[in-house]
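A short worksheet on the structure shown next.
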Amino acid sequence: MYNWDRAINKRVRIEFEAKLKDRMSDQVSRWKGKWREKGDAAIPRWFDPLVWVVLVSFWRDPKSELKSIDSRNARYHDPDGLGIHKHRSGETSYKARAKKRVSYFTPLLSQLFYTNN
């Protein structure tokens, strides 16, 4: 059991949920891998069977599988031939984020003309 000052409850919750999001995706991925190998025999002993049924139906959904394949392809995409770039920018590549950032910060020529004249 853990105890902390109630004054930091919000901070503890925010940090806990951030850690949970990071770790749960890894855990669910491992469960899916075991399910692919062993089928329903892969269910952890402590797992609620109804939750397992919902997970399996999600994994079998063609839309879910397509999204999984697209995300995997994006992770392992090598556009420059320099090797796979590992990043944590979500489904948006660093190049796309940089392009968006540049377009956001780059003023239009008409704006430059107006402010300088």
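No lab work stands behind these numbers, since they all come straight from the coordinates. Just so you know, these numbers come straight off a predicted model, no measurement behind them. Because the Cβ atoms are built from the backbone with ideal geometry, glycine has one as well, and the counts that use them run over all protein chains shown.
Here the simple spin-label model places points 7 Å from the Cα toward Cβ, and for residue 54 and residue 29 these points are separated by 2.3 nm.
Per-residue 3J(HN,Hα) values for segment 54-68, derived from phi via the Karplus relation 6.51 cos²θ - 1.76 cosθ + 1.60 with θ = phi - 60°, read 5, 4, 4, 5, 5, 5, 7, 5, x, 5, 5, 5, 5, 5, 4 Hz in sequence order (x marks Gly and Pro). Under the combined filter of DSSP loop state and at most 12 neighbouring Cβ atoms within 10 Å, segment 1-68 retains these trypsin sites (Lys or Arg not before Pro): 45.
Within the set of other residues whose C-beta is less than 14 Å from the C-beta of residue 64, count the net charge using Lys and Arg as +1 and Asp and Glu as -1. Its environment carries a net charge of +3. Report the local net charge at residue 13: Lys and Arg +1, Asp and Glu -1, summed over other residues whose C-beta lies under 12 Å from its C-beta. Result for the neighbourhood of residue 13: +2.
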